[in-house]
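Right, one structure below, let's go through it.
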Amino acid sequence: MSVEHRIAHEEIVHTKLNDSQMRENLNVAMHTLQRNRLKIIEDKFENWQGLRDKAMQAKNNALMSLEERLLEFEKNAIKNGIQVHWASSSEDACEIIYELMKEKNIRKILKGKSMASEEIGLNHFLEKKGISAIETDLGELILQLNGETPVHIVVPAIHRNRYEVGKIFEEKLGASLESEPEKLNAIARKHLRDEFEGLQMGLSGVNFAMSKEGAFWLIENEGNGRMCTTAPEIHVAICGIEKVMETFEDAATMVHLLTPSATGQFIPTYNNIITSPRKNGDLDGPKEVHIVLFDHHRSDMLSHSDYYEALRCIRCGACMNFCPVYDKIGGHTYQTIYPGPIGEVISPNLFGIDLTGDILSFCSLCGRCSEVCPVKIPLADLIRKLRANKVGEGKNPPLGASMLKLNKCESLSMQGFAKVATNGTLWRLSLRNAHYFNGALHRFKDSLPVIKKWSAFKELPQIKGNLYQQIQKLQGVHYD
């Protein structure tokens, strides 16, 4: 969902919490992905932590020399026959692709899975121009037929079970009602094969680009991406500038981490390394290969001392798979292209904290996301910093912070709480006497700063007696 058309925060939270079918689907899927990841790491890797360290260093090296990497990639890609385009904004990226289509008189484009195209809003942009952008990834196709956006960055339709998919295919494609995965795949294959006939332009994302080689790497499990990059005469790839690594070996390290983290596979089904357009003597492949390198506030993130680490993200989705909040509310609740913990960090930086800052409440700060991130992004710490920025207490705010409407009462309340919580005498005094305010707390809970936000989703505790003494009596608690 675009940030311009966001539903009220509380409304969509309650709606998704009450969607029992979605929650059941996500619960089953998330636990399967968790088990798969843990098993593959145990069975196939001797030094998983060492591989994470190596990947983090390779990513950091590329980011710290990003200008050099980008210019080197451009030089070598052009030498290989790939046409390189630069876009500073999402609008620029869409315009470049549209102008290419207009120049070639193309009215239809088939897409492999690409979160970058979702980020720039390509489908809606082309639709307004009268051009069809058709998804070929099975999950993306299901969502497109049903008028939905991705709920997850790796498995976009993970919130739908096979019975729901069968109904969607029956209603939207006129197919017979099926629920067996093999039959559902056959329905999708037949539909897409018809679309591939006569295709002139295919579009893909980019998992990693290698500056030394002037090539880029795409990984997938369905083969649709390979169709989009080899069947048409023209292949267009969309690549965020942070995806550019230095060497093939660096990119290979990332791929070794990505698929186990994402789906629990040891290797992806398809590895597609695009080095050039069709050469003399080649029997297939596109005659033209274009890559659009787009920024969209990534340079701002890179220069930001607090949030640049999020650019290491390899879009594996592990942070979502292990998040205890995500599997309760689903990706659509975030109302941004990138949901889950990584979305809570990059969405405010890419789209503005004033437009997407409400998602920062979707975090318990349990730290599981930081623990499982294959490139060691300290996600929980970054979310904590963004929360400070959201209430005007951060020292180095991100995009859109100047547009925030700060709540002075809330700010004063938290300053008062901080003063009490950091003073031993005041803290013990407040715990001893908290029960005297229990009645007022519950009576005025809907109007008290901070408290009213908690009471909207949680039942406030009944505070009775001397809380300080009760805490001291708890087994295992040593209160000095």
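Annotations
- Ignoring aspartates and glutamates fewer than eight residues from Lys385 along the same chain, the ones with Cα atoms less than 18 angstrom from its Cα are Asp300, Asp306, Glu309, Glu344, Asp354, Asp358, Glu371, Glu393, Glu410.
- Taking all protein chains together, Arg193, Arg23, Arg298 sort by accessible area into Arg193, Arg23, Arg298, largest first [probe 1.4 Å].
- Those Cys residues of the chain for which no other cysteine Cβ falls under 4.7 Å: Cys94, Cys228, Cys239, Cys313, Cys316, Cys323, Cys363, Cys366, Cys373, Cys409
- Pairs beyond 24 Å (Cα-Cα), from Lys167/Lys190; Lys108/Lys287; Lys129/Lys279; Lys16/Lys108; Lys390/Lys453: Lys129/Lys279; Lys16/Lys108
- Averaged over its residues, region 1-83 has an accessible area of 61 Å² per residue, based on protein heavy atoms and a 1.4 Å probe.
- √(5λ) per eigenvalue of the Cα gyration tensor, region 349-480, largest first, Å: 31, 21, 15
- Sequence-ordered 3J(HN,Hα) estimates for region 397-403 from the Karplus curve with 6.51, -1.76 and 1.60 and θ = phi - 60° stand at x, x, 3, x, 5, 5, 8 Hz, glycine and proline given as x.
- For region 160-299, the fraction of alpha-carbon pairs lying more than 20 Å apart is 58 percent, rounded to a whole number.
- Take every Cα pair under 8 Å whose residues are at least 6 apart in sequence, average their separation, divide by the length of the chain, and the relative contact order is 18 percent.
- Near Ser204, the amide H atoms lying under 5 Å from its own belong to Gly112, Val236, Ala237, Ile238; only residues 5 or more places off or on other chains count, and H is placed 1.01 Å from N.
- Per-residue accessible area (protein heavy atoms, 1.4 Å probe) orders Met414, Met320 as Met414, Met320, starting from the largest.
- Residues whose amide H falls under 5 Å from that of Met245, counting only those 5 or more places apart or on a different chain, are Ala209, Met210, Ser211, with hydrogens built in the peptide plane.
- Rg to Rh quotient for the chain, alpha carbon positions, Kirkwood Rh: 1.01
- Ranked by solvent-accessible area (1.4 Å probe, protein heavy atoms only, all chains present), the residues Leu474, Leu184 order from largest to smallest as Leu474, Leu184.
- Per-residue SASA remark: Arg162, around 90 Å² accessible (1.4 Å probe; ligands, DNA and RNA not included).
- Computed with a 1.4 Å probe over protein heavy atoms only, the accessible area of Thr15 comes to about 80 Å².
- The peptide list 152-159, 337-344, put in order of mean Cβ contacts within 10 Å with the highest first, becomes 337-344, 152-159.
- For region 325-342, 3J(HN,Hα) computed residue by residue from phi via the Karplus equation (6.51, -1.76, 1.60; θ = phi - 60°) reads 9, 3, 6, 9, 10, x, x, 5, 4, 6, 6, 9, 4, 10, x, x, x, 5 Hz, glycine and proline entered as x.
- Per DSSP, loop GluC sites (Glu not before Pro) in region 28-115 with at most 14 further Cβ within 10 Å: Glu46
- Protein accessible area in the chain, 1.4 Å probe - carbon and sulfur %: 52 percent
The values are calculated or read from the model by the stated rules, or taken from the named source; none is laboratory data. Just so it is clear, the structure is predicted and the values come from calculations on it, not from any experiment. Note that we place each Cβ from the backbone using ideal geometry, even for glycine, and neighbour counts take in every protein chain shown. Ligands, DNA and RNA are excluded from the accessible area calculation, which covers all protein heavy atoms including side chains. Shrake-Rupley method; radii C 1.70, N 1.55, O 1.52, S 1.80 Å.
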